[in-house]
1. How many residues does region 141-179 hold that are touching a Phe, Trp or Tyr at 6+ places or on another chain (Cβ under 7 Å) and under 15 Å from Glu189 (Cβ atoms)?
2. Select, from Ile258, Ile212, Ile228, the only residue that is over 23 Å from Thr39 (Cβ atoms) and either of a type in the set (A, V, I, L, M, F, W, C) or without any contact (Cβ under 8 Å) to a residue 60 or more places away in the chain (or both).
3. Kindly check whether there is at least one residue in region 94-114 that is farther than 16 Å from Thr175 by Cα and of a type in the set (A, V, I, L, M).
4. Does Glu96 satisfy the condition of being surrounded by fewer than 20 Cβ atoms within 10 Å (Cβ to Cβ), more than 23 Å from Pro207 (Cβ to Cβ) and at pLDDT 95 or above?
5. With region 149-261 as the region, which helices (runs of 4 or more DSSP H) entirely inside it contain at least 2 residues that are among the acidic types (Asp, Glu) and crowded, with 17+ Cβ neighbours inside 10 Å?
6. Looking at Gly106, Gly144, Gly117, which one is touching a helix residue (DSSP H, G or I) at 6+ places or on another chain (Cβ under 8 Å) and among the small types (Gly, Ala, Ser)?
7. Would you check if Arg146 is in a helix (DSSP H, G or I) and over 23 Å from Phe90 (Cβ atoms)?
8. Test Glu73 against the stated conditions and say whether it is at pLDDT 95 or above and either surrounded by fewer than 18 Cβ atoms within 10 Å (Cβ to Cβ) or in a loop (DSSP other than H, G, I, E, B) (or both).
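The values are calculated or read from the model by the stated rules, or taken from the named source; none is laboratory data. Fair warning: this is a prediction, and the values are worked out from it, not measured in the lab. Positions of Cβ are backbone-derived with ideal geometry, glycine not excepted, and every protein chain shown enters the neighbour counts.
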Amino acid sequence: MEQTGIALEGTRAAKGFPCVRPPSGREDTQKRAPITSYTQPKLAALMRELGQPAFRAKQIFRWLHGKQARTFEEMTDQPKALIAALRERFVIERPEIARRQVSRDGTIKYLLRLADGSAIETVWMRYSYGNTVCVSTQVGCRMGCRFCASTQGGRVRDMTAGEIAGEIYTAARDTGERVSHIVLMGIGEPLDNFDNVMDFLSIISSPDGANIGMRNISLSTCGLVPGIEKLARRHLGLTLSVSLHAPTNEQRSAMMPINDA
């Protein structure tokens, strides 16, 4: 497997890519809010707050998630005063590629660095029907599954909706290819980060953004029953996968603490 990229400070020695915490003593530079995590309704509310016409929300959403702008200056159809106001209050989140591994079949495994120095894994997979990206939803995980390296350091923090979407945009930018399918099966338990994951699904499936339909999205859970029930009430039309990992209830309990929760 070919490897490219740079090593991150604080990386634990482990097979594959570890979950990386922010370097010790490093200040969190994200004092501004991540505008990439705003759904269209939230952007509409923001535009009202700023005294802007409603249509600006759709325009800005298209810049962020359709054209995947990396700076506010790229939004050339927006008033300079609005751009200045947005730059003062918000940041555009885009993960950076710290390392990549490429297998013979074209699968690409990324170690992505987030703005606060944390790092997560994302995987690009090529199939006959299109390209699938496997995304992480948390930095670390607190589910405690015995077989999973992601939980060894516990949960560091939840990822924002914009960071999760940024995994897809960064991988698509790197490959130059379109993403057709998404699986939420990377680091973290998606239903343990419920609200941010729901915002991500709203953003990524919007016709004004990446426009990836819910039927092309699979969400995998270790079995958070309250989260499954909340998800069911949303009637989203995505595929729900439950990770069993054992043929009997006793064996599953030995490997997955959530089984006895």
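1. 1
2. Residue meeting the stated conditions: Ile258.
3. So far as region 94-114 goes, yes, one or more of its residues are farther than 16 Å from Thr175 by Cα and of a type in the set (A, V, I, L, M).
4. Yes; evaluated as a whole, the condition is true for this residue.
5. Hits in region 149-261: 161-175.
6. Only one candidate qualifies: Gly144.
7. So Arg146 fails the test.
8. yes
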